[in-house]
Amino acid sequence: MATIIRPRDERTQPARIVPGYPQTPLRNPREPLVRREPTLSELTGPLEVAGRVKLLGGDIAGHGAAQAIGQLMHLRVRVLDEDGAPVGGTVVEIWQANAAGRYIHPNDDDHAPPDPNFYGAARLVTDESGAFELRTVKPGAYPVPTGDGWWRPPHIHFSVFGKVWLSRLVTQMYFPGEPLNAQDRILNAVPDAAARERLVARYVPPTGNPHNALVFEHQIVLRGKAATAEQP
């Protein structure tokens, strides 16, 4: 059976070259793409990803004296396909800045202090309903070293692994009501307003447990007209 490779939707996916974002020309080809058929190794595996990588759990906020600094947050995410069916058993990697806007990566030596109680990364597997939950702290904003006043709004990165090597979605989730959303060059590189809105989580008013944390819900949709946009 022939493999169907759907063309990239330029309306709901980010622009290839973003003015004021100097990395984008380095991440996109300068010459026209050459189409070739995927090989067997690209259309098979990785098999049993969850058993081949270390799962890091869904609690990266810590507890007691070892709790991370910041607004405690409970995030509920569902991974769905284009028909709304749950995608269970898929590995999702998550990474984010701490509450001060600092990553744990050694290359991040910016303005903000590190938090010794915050690792800032998780690796989970979706359940049968395509869901996973994360207990964390809300990430802070941070300046981008472009020298022109661009600050990234609070956001969380996701990497969703599919059934084959070619199937992987890397994206970001943003928070509602953040003033920096309106000027973020990465978020606003997606031309379609509805597609941008699908990258923003939904705040859930407190109704009980967890009573001491902000609660957000979010959906990641794979493929189709309502697909979640890629984000670097």
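Bear in mind these aren't lab numbers, they're just calculated from the coordinates by the rules spelled out. What you are looking at is a predicted structure, and each value in this text was computed from that prediction instead of being measured. Here the Cβ is made from the backbone with ideal geometry for all residues, glycine too, and neighbour counts use every protein chain on show.
A few comments on the model shown:
- Dipole check for the chain: with +1 at the C-beta of Lys and Arg, -1 at the C-beta of Asp and Glu, and the Cα centre as origin, the magnitude is about 340 Debye.
- For R152, R223, order by how many other beta-carbon atoms lie within 10 Å, fewest first: R223, R152
- GNM top mover of A99, A15, A122 - the chain, alpha-carbon springs below 10 Å: A15
- Whether the chain is rounded, prolate or oblate, judged on the alpha carbon gyration tensor where a/c under 1.5 counts as rounded: oblate
- GNM top mover of R16, R196, R135 - the chain, alpha-carbon springs below 10 Å: R16
- Full-extension gain in nm, E128 to I17, via 0.36 nm per residue minus C-alpha separation: 36.2 nm
- GNM flexibility winner over the chain from G149, G208, G177 (Cα, springs under 10 Å): G208
- Calculated [222 nm] ellipticity per residue, helices only, for the chain: -1000 deg cm²/dmol; basis is -39500 (n - 2.57) per DSSP H run with n ≥ 4, divided by all residues, nearest 500.
- When each of I156, I186 is scored by the number of other beta-carbon atoms lying within 10 Å, the sequence from fewest to most is I186, I156.
- Contact order relative to length of the chain, as percent, for alpha carbon pairs under 8 angstrom and 6 or more apart: 26 percent
- Here the residues L33, L199, L166, ranked from fewest to most Cβ neighbours within 10 Å of their Cβ, fall in the order L33, L166, L199.
- Of all DSSP beta bridges in segment 46-222, antiparallel share, percent nearest 5: 75 percent
- Sequentially through segment 81-96, phi angles give Karplus couplings (6.51, -1.76, 1.60; θ = phi - 60°) of 8, 5, 9, x, 7, x, 10, x, x, 9, 7, 10, 9, 10, 8, 7 Hz, Gly and Pro residues having no value and appearing as x.
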